[in-house]
1. Could you tell me which of rounded, prolate or oblate describes the range 149-188, using a ≥ b ≥ c as the square roots of the eigenvalues of the alpha-carbon gyration tensor, with rounded for a/c under 1.5 and, failing that, prolate when a/b is larger than b/c and oblate otherwise?
2. Sum -39500 (n - 2.57) across every DSSP H segment of at least 4 residues in the chain, then divide by the residue count to get the 222 nm mean residue ellipticity, nearest 500.
3. Kindly work out what percent of the DSSP beta bridges joining two residues of the range 1-137 are antiparallel, to the nearest 5.
4. Where q = 0.19, 0.21 Å⁻¹, what log10 of I(q)/I(0) comes from the Debye formula for the range 5-103, counting one point per Cα?
5. Antiparallel versus total DSSP beta bridges in the chain: what percent is that, nearest 5?
6. Please give the peptides 292-303, 105-116, 354-365 ranked by average Cβ packing (other Cβ atoms within 10 Å per residue), highest first, as a rough proxy for protection.
7. Sorted by mean Cβ packing within 10 Å, highest first, what order do the peptides 236-248, 86-98 take?
8. Give the relative contact order (percent, whole number) for the range 5-103; include only Cα pairs under 8 Å separated by 6+ residues.
């Protein structure tokens, strides 16, 4: 939004800004924040930063936990959800030293190093990404985990389970299970809320391609945004989630990016389109290649598919992620590529025909990821594919231009599947992580901490009795 301190101060004066809020990213992909009055925001803030204790952010312990946050004024936006006029910006974290040094475990620093590594190879100077965000908006959610009581309850006005509700006036027009794709009003009761979200995004320099109701009947929605450079898109992913969740909250509703909040309904993914450029020229286009893709694009695909099991520990880092990644639903679980095939891990859109549009889409990831880590992992896997000439055809990854679920069993057995649990993905990351370490992009210690913390999550979940277990085993 800004390129100089003077621009920031003039904007604050003209708009009556009273507070400046600084947002940092913890290990798991949540925003933490602290604020100062606008009078305390000076040019020295951009040099000296704001001191804080980083020991509670989830990273591996460092010899010095005192850190400074230095804001990136280009990310500044007005926060629409607070009463006091506030300018919000994200930025980078430095360890206090002589001189201060960039905290290598900070997710935004990892994304920056991934882009620098890409440029250092001479292959490309920009990875453009275009995420598609799927999420649910509910009218009620409650959950409880106690020794004597464990469960959750969700409600959505438009869900089919409310078709027979009589507690108050029922106007009908409920959406059948898995019947919500592009459904229109009056069943699409969330149209105005989605539009408000999109306008808030547009006003904050996040151009929206379109929005619509998704497959899930009880309030599953999608917002797709325009392409941008990788790290910038990670910034915008954080801002989009903030706007979606707070706009829903302000409207008396609740939004979640959980991949699978409802049994038997469609899950929510984070489909990521991507293509490489060098000096503004697209690298993924070749009119004579498969589906119009260049050999560079094919190698990039080969790298992503080869490293997909390990990548999932970063792109699908929740136990809930693997309740979405099951055969038979729209979420792809087969490690292969194809054109216009939504059952493949990598899909090449048939409608993207022009050189600057030619790209592919990684369909397995979900928005419980830390976007800086997930997007960086995608870039590093793809670059490994190019540098090592990993041909996806020679590796047996396709193309499979058929519905994979309708293949004969013997043909399906030839296609490798994604991990079926978080534990399996973490096992894969432990076996296959050298591609992430290239160029010093991912610190090994951070990956070790990530695996340990995520194993702890999975172990904890495995120890909690499930309500279905009572149905299956209580009388035995």
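The numbers here are math on the coordinates, done by the rules we state, and not lab data. Here the structure is a predicted model, which is why all the values come from computation and not from measurement. Neighbour counts are summed over all protein chains in view; Cβ atoms, including those assigned to glycine, are modelled from backbone coordinates with ideal geometry.
1. Values: a/c = 2.87, a/b = 1.35, b/c = 2.12.
It comes out oblate by the Cα gyration axes.
2. Numbers: 13 runs with 149 residues, N = 476.
It comes out at -9500 deg cm²/dmol, rounded to the nearest 500.
3. 80 percent
4. -0.91, -1.07
5. 85 percent
6. The most tightly packed comes first, giving 292-303, 105-116, 354-365.
7. Ranking the peptides 236-248, 86-98 by packing returns 236-248, 86-98.
8. 28 percent
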